[in-house]
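Shown next, in structure tokens, is the structure this report addresses.
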Amino acid sequence: MERQKQLEMPIAPRGYEMDASATVPMSVIGSHMEHARWSAMRKGTFAMSPYWGRGMIRAQRIEMLAPVKYGVDLLILTQVGRIGRTSFDFLHEVRRKADERVLVSASVTAVNIGEDARPTPLKPGAEAAVLEGTSPNVAALESEPPSDAWTRELVVTPSHQDVLQHVNHARYIDFVEDTRWLACRAGAYGPPGVAPRPKKLWIAYDDQARAGNVIEVATWTESSSAFGFVVRAGDTIFTRARVEV
């Protein structure tokens, strides 16, 4: 069987997926890309299918090159750009179907998980699935939350969880972006104002939050155009993120 190193999936954003600015937010784009990965892995024709059983998302880099609007038909391209011992990187492009303009570029690091729920080596030969591509230029978080970081508390609910019984990766993006919006309104980054649309996101998933956890989201200014975030409960850090506007 000839397997493809890149797959395309069409998708049309739905009206209820828009946010208050009439654009499709980054968290929904993250869910669309997750759907594309699931679709790719279920197809026996995808080059990576024989080498990965199940896994978890470890980190994402997402660059919004242009707003994604309702009513615009999209194509989501999925391929593998890197193979490690127990992890690999999916590369995505979200294109406008009409003219194939790239609206979103992303790199998503997945960790291969064994029956014991721990990282396990990929099957031999996985390197054959790699297709050279371009990763988005998105910087990782380098600073730690200061003592006066602006914080908010929330309770993890069942609707935040996915089939793996933990908070879905895209919901953490909501936690981050909701916190940034509230922090902007509260004047946490300077004079109170409206949160500008995000251009770049780096997010890493360090632990798993579940329904019933009371968590704290802390945010601070990392530079004039970038903001840091930590999602935690006590000493346990679930997620770290950096948003650039």
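Readers should treat all values here as calculations from the given coordinates under stated rules, not as data from a laboratory. Fair warning: this is a prediction, and the values are worked out from it, not measured in the lab. No Cβ is skipped: glycine too gets one built from the backbone with ideal geometry, and neighbour counts run over all protein chains shown.
Placing +1 on the Cβ of every Lys and Arg and -1 on the Cβ of every Asp and Glu, with nothing else charged, gives the chain a dipole about its Cα centre of roughly 520 debye. Amide H to amide H distances under 5 Å link Glu222 with Phe227, Gly228, where only residues 5 or more positions off or on other chains count and H is placed in the peptide plane. The residue list Ile215, Leu154, Ala59 was ranked by how far each Cα lies along the charge dipole of the chain toward its positive end, using unit charges on Cβ atoms, and Ala59 comes out on top. Here's the picture: charge each Lys and Arg Cβ at +1 and each Asp and Glu Cβ at -1 in region 84-150, and of Gly114, Ala140, Leu103 the one pushed furthest to the positive end of that dipole is Leu103. Once each of the trypsin sites (Lys or Arg not before Pro) sitting in a DSSP loop with at most 15 other beta-carbon atoms within 10 Å is removed, the chain keeps 102-209 as its longest stretch. With loop membership from DSSP and a limit of 12 other Cβ atoms within 10 Å, the longest segment of the chain without GluC sites (Glu not before Pro) is 143-245. Each Lys or Arg adds one and each Asp or Glu subtracts one; over the other residues with Cβ under 14 Å from the Cβ of Thr23, this totals +2. Here Cα extents along the principal axes in Å was computed from the coordinates, and among (i) 59, 45, 32; (ii) 52, 43, 39; (iii) 74, 58, 31 the match is (i).
In this Cβ point-charge picture (+1 for Lys and Arg, -1 for Asp and Glu), region 150-244 has a dipole of about 300 debye about its Cα centre. Expressed as an acute angle from 0 to 90° and rounded to the nearest 10, what is the orientation of the C-alpha long axis of helix 26-42 relative to the principal long axis of the chain? Long axis of 26-42 versus the principal axis of the chain: about 20 degrees. A simple rule links phi to the HN-Hα coupling: the Karplus curve 6.51 cos²θ - 1.76 cosθ + 1.60 with θ = phi - 60°, which for region 144-155 gives 9, x, x, 5, 9, 4, 6, 10, 9, 10, 8, 9 Hz, with x for Gly and Pro. Near the amide H of Asp206, within less than 5 Å, lie the amide hydrogens of Thr239, Arg240, all on another chain or at least 5 residues away, with H placed in the peptide plane. Charges were assigned to the Cβ only: +1 to each Lys and Arg, -1 to each Asp and Glu. The resulting dipole of region 34-147 about its Cα centre is roughly 320 debye. With angles folded into 0 to 90 degrees, how steeply does helix 169-186 sit against the dominant principal axis of the chain? Use alpha carbons for both and round to 10. With rounding to tens, the tilt is 20 degrees.
What's the local net charge at Ile203, with K and R +1, D and E -1, over the other residues with C-beta under 15 Å away? So the surrounding residues net to -2. Amide H contacts for Asn213 (H built 1.01 Å from N in the peptide plane; partners 5 or more residues away or on another chain; cut-off under 5 Å): Val156. Only aspartates and glutamates eight or more places from Lys97 in sequence, or on another chain, were considered; those with a Cα closer than 20 Å are Glu8, Glu17, Glu34, Glu63, Asp73.
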